1. Tell me, yes or no, whether the range 23-31 has at least one residue that is more than 24 Å from residue 1 (Cα to Cα) and under 16 Å from the mean Cα position of the chain (by Cα).
2. Give the residue, chosen from 58, 28, that is touching a residue at least 12 places away in the same chain (Cβ under 8 Å), surrounded by 13 or more Cβ atoms within 10 Å (Cβ to Cβ) and in a strand (DSSP E or B).
3. Which residues, counting only those in the range 31-52, are touching a strand residue (DSSP E or B) at 6+ places or on another chain (Cβ under 8 Å) and either in a helix (DSSP H, G or I) or touching a residue at least 24 places away in the same chain (Cβ under 8 Å) (or both)?
4. Quick one: which residue in 58, 76, 62 is touching a helix residue (DSSP H, G or I) at 6+ places or on another chain (Cβ under 7 Å), at pLDDT 95 or above and under 22 Å from residue 118 (Cα atoms)?
5. Output the residues belonging to the range 68-83 that are under 15 Å from the mean Cα position of the chain (by Cα) and within 7 Å of residue 108 (Cα to Cα).
6. State whether the residues of the range 78-85 include one that is assigned to a strand (DSSP E or B), farther than 20 Å from residue 16 by Cα and touching a strand residue (DSSP E or B) at 6+ places or on another chain (Cβ under 8 Å).
7. Kindly establish whether residue 13 is farther than 26 Å from residue 125 by Cα, touching a helix residue (DSSP H, G or I) at 6+ places or on another chain (Cβ under 9 Å), outside any loop (DSSP other than H, G, I, E, B) and at pLDDT 95 or above.
8. Could you identify the single residue in 101, 96 that is farther than 27 Å from residue 23 by Cα, touching a residue at least 12 places away in the same chain (Cβ under 8 Å) and outside any helix (DSSP H, G or I)?
């Protein structure tokens, strides 16, 4: 997975963020097994619970286009001074589609890019086993 290329796409996606309340732009680039990349940006709402994170935005775009197999994701937070990892809700949604070895990277305007895996970010995925039990 070309993390540098995906980070550039995530940064570009962050420029489309709708974040008038937090002023905290986030972009994500999701690599599909097909080779296609879907991007997403955070979309805030006055009711913060209704805010959609960039990671979930990218997953939704890909799934809506018929994609189901994902290789990894890169998240960019250009307004942060340090790399910000996906939130808990995004980790849960990502775990639905990414296996424990899938690369997850995140970076900011300074501080470089942190390279991790889904399993490192979400090590005790108790609900993942439910997917195969239906």
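1. As a first pass, look at the range 23-31 and keep what is more than 24 Å from residue 1 (Cα to Cα): 23-24.
Narrowing further to those that are under 16 Å from the mean Cα position of the chain (by Cα): 24.
Yes, the range 23-31 has at least one match.
2. On the way: 58 fails: in a strand (DSSP E or B).
One residue alone meets the criteria, 28.
3. Residues satisfying the conditions are 31, 32, 33, 37, 38, 39, 40, 41, 42, 43, 44.
4. On the way: 58 fails: touching a helix residue (DSSP H, G or I) at 6+ places or on another chain (Cβ under 7 Å); 62 fails: touching a helix residue (DSSP H, G or I) at 6+ places or on another chain (Cβ under 7 Å).
The conditions single out 76.
5. Once the filter is applied, which keeps residues that are under 15 Å from the mean Cα position of the chain (by Cα) and within 7 Å of residue 108 (Cα to Cα), the range 68-83 yields 76, 77, 78, 83.
6. no
7. Numbers: farther than 26 Å from residue 125 by Cα: yes; touching a helix residue (DSSP H, G or I) at 6+ places or on another chain (Cβ under 9 Å): yes; outside any loop (DSSP other than H, G, I, E, B): yes; at pLDDT 95 or above: yes.
Criteria met by residue 13.
8. On the way: 96 fails: outside any helix (DSSP H, G or I).
Criteria check complete, one pass: 101.
The values are calculated or read from the model by the stated rules, or taken from the named source; none is laboratory data. None of the values given here were measured: they were computed from a predicted structure. FYI the Cβ positions are ideal-geometry reconstructions off the backbone, even for glycines, and counts take in every protein chain you see.
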